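One structure is given here, and the rest of the page talks about it.
The values are calculated or read from the model by the stated rules, or taken from the named source; none is laboratory data. All figures in this text were calculated on a predicted structure; none of them were measured in a lab. Positions of Cβ are backbone-derived with ideal geometry, glycine not excepted, and every protein chain shown enters the neighbour counts.
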Amino acid sequence: MMQRPSLTGRAGAWGFAGILLGILALLALLSLRIGSAGYSLDEIVRALFGNGSVTVRNILLHLRLPRVIVAMVVGACLATAGSLLQAVMRNPLADPGIIGVSAGAGTAATAIMLLCADLSLSIPFFAFIGSLTACALIYIMAYDGGLSPVRIILAGVAINTVLGGFNALLQLLYSDSLTGVLSFLTGSIAASTWSNVRLILAYGIPCLLLSFLTIRGANALQLGDEMATNLGFPITLTRILISALAAFLAAATVAAVGIIGFVGLVVPHITRILVGSDYRRLLPIGMILGAVVALAADTVGRVLISGMELPLGIVMAVAGGPFFLYLLKTKSKIQQGGK
């Protein structure tokens with residue numbers, strides 16, 4: 001009797017990746033079709049190749065297509081950032097939004113928008129600085145002769161809380177200027193243009209490619225500090241470099257579309273269940289699944305409530321919050337069972 005191929009095997013994993021790419025293509029077509037005006041597949045194809053009605057081309061090429069591309073790249077970036085941070089901390093509950101990395105980028109960008117509107121074109125730069133600053137503070141607070149994953153998470157939660165309070169203070173002090181900031185705070189990609197596409201591609205794609213260079217280090221960190229040291233990896237330096245790359249990925253998404261949570265938590269966990277913990281498969285397949293989840297969430301947000309579009313950040317928060325509690329409960333049971 002023949003056994004069904006396992007997704008943790010190479011053939012099964014890459015077959016699954018092919019299925020995900022097919023789902024992603026179908027979701028992209030669906031996202032292009034739906035909206036205040038629905039279009040047929042024939043109209044979409046003609047518009048993409050420069051034919052058909054001018055109105056249809058303008059809507060598809062300048063409103064919907066940039067949104068689809070941004071959603072996919074943002075999902076891939078956040079999923080990769082979450083995967084890398086989970087390797088660094090050896091904890092499936094790690095996420096750029098939970099430990100303060102995204103909060104650092106978001107706080108810096110929010111401060112620029114509210115305090116120095118003239119520097120709005122420099123928001124990506126300040127988002128990167130804020131993300132790296134938060135990451136540096138986390139490591140400074142967590143360092144005690146070495147970097148313990150538990151201390152990193154606790155320091156990250158503390159930084160996230162402090163930055164959240166600072167964000168709330170800014171919103172309170174500048175409540176009259178929040179109109180342009182609300183879409184940023186809720187992680188909306190509804191107004192994405194080709195400038196957003198260029199921004200997320202310019203910063204996100206190089207970081208995604210660089211993440212493949214971290215595969216050996218991420219796999220080694222999962223084995224524990226002693227084993228990784230025996231394999232020749234400098235533990236502290238490896239953690240810092242991988243965390244810095246994760247911070248850049250998170251900052252790229254914040255700079256482009258605002259704060260979106262839980263993609264970096266949910267996607268790596270699901271990917272790990274499906275294809276295992278080997279980052280040679282986990283990382284690339286997680287990128288594709290991240291794109292699928294983000295695009296699906298954005299599409300659901302557009303049709304869930306008639307006459308209203310829910311921002312991607314809100315949809316992910318509503319769906320990701322219960323999933324986080326499930327992970328927390330499951331992890332607690334596993335730890336109790338192991339005692």
Given the conditions (1) farther than 21 Å from ASN196 by Cα; (2) at pLDDT 85 or above, every one holds for ALA296 apart from (1)
Which count do you get for residues in the stretch 127-154 that are outside any helix (DSSP H, G or I) and either in contact with a Gly (Cβ under 8 Å, 6 or more places away or on another chain) or touching a residue at least 40 places away in the same chain (Cβ under 8 Å) (or both)?
2
Among the residues listed as GLY156, GLY130, GLY100, the single one being at pLDDT 85 or above, buried (at least 22 other Cβ atoms within 10 Å of the Cβ) and out of contact with any Asp or Glu (no Cβ under 9 Å at 6 or more places or on another chain):
GLY130
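Determine whether ILE159 is more than 30 Å from GLY307 (Cα to Cα) and not in a helix (DSSP H, G or I).
No; evaluated as a whole, the condition is false for this residue.
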Residue under question is PHE324, and the condition is that it be under 18 Å from the mean Cα position of the chain (by Cα) and either at pLDDT below 85 or not in a helix (DSSP H, G or I) (or both); does it hold?
yes
Residue by residue through the stretch 34-48, note down the ones that are free of Cβ contacts under 8 Å to residues at least 24 places away in the same chain and either small (Gly, Ala, Ser) or surrounded by 17 or more Cβ atoms within 10 Å (Cβ to Cβ) (or both).
SER36, ALA37, GLY38, TYR39, SER40, GLU43, ILE44, ARG46, ALA47
Would you pick out the residues in the stretch 203-223 that are part of a helix (DSSP H, G or I) and modelled with pLDDT under 90?
TYR203, LEU221, GLN222
Under 6 Å by Cβ, and 6 or more places apart or on different chains, what pairs join a residue from the stretch 73-94 that is part of a loop (DSSP other than H, G, I, E, B) with one that is buried (at least 24 other Cβ atoms within 10 Å of the Cβ) and hydrophobic (A, V, I, L, M, F, W, C)?
ALA94/LEU85
Here's a check for you: in the stretch 5-20, which residue that is modelled with pLDDT of 90 or more and surrounded by fewer than 13 Cβ atoms within 10 Å (Cβ to Cβ) is nearest to TYR279 (Cα to Cα)?
GLY18
Select from the stretch 187-213 the residues that are buried (at least 18 other Cβ atoms within 10 Å of the Cβ) and of a type outside the set (Phe, Trp, Tyr) and list them in ascending order.
GLY187, SER188, ILE189, SER192, ASN196, VAL197, LEU199, ILE200, GLY204, CYS207, LEU208, SER211
Just checking, does the stretch 157-177 include any residue being at positive phi and not charged (D, E, K, R)?
no
Does the stretch 232-239 contain any residue that is closer than 19 Å to ALA76 by Cα and touching a helix residue (DSSP H, G or I) at 6+ places or on another chain (Cβ under 7 Å)?
no
Scanning the stretch 214-237 residue by residue, those hydroxyl-bearing (Ser, Thr, Tyr) and surrounded by 20 or more Cβ atoms within 10 Å (Cβ to Cβ) turn out to be THR214
What are the pairs with Cβ atoms under 7 angstrom where one residue, in the stretch 257-277, is more than 23 Å from PRO124 (Cβ to Cβ) and the other, located anywhere, is among the hydroxyl-bearing types (Ser, Thr, Tyr)? Sequence gap at least six, or different chains.
PRO268/SER83; VAL275/THR8; GLY276/THR8
Could you list, in sequence order, all residues of the stretch 261-283 that are closer than 27 Å to GLY164 by Cα and in a helix (DSSP H, G or I)?
VAL263, GLY264, LEU265, VAL266, VAL267, PRO268, HIS269
Going by the structure shown, is GLY286 under 29 Å from GLY145 (Cβ atoms), modelled with pLDDT of 90 or more and assigned to a helix (DSSP H, G or I)?
no
One residue from VAL293, VAL315 being β-branched (Val, Ile, Thr) and in contact (Cβ under 8 Å) with a residue 60 or more places away in the chain
VAL293
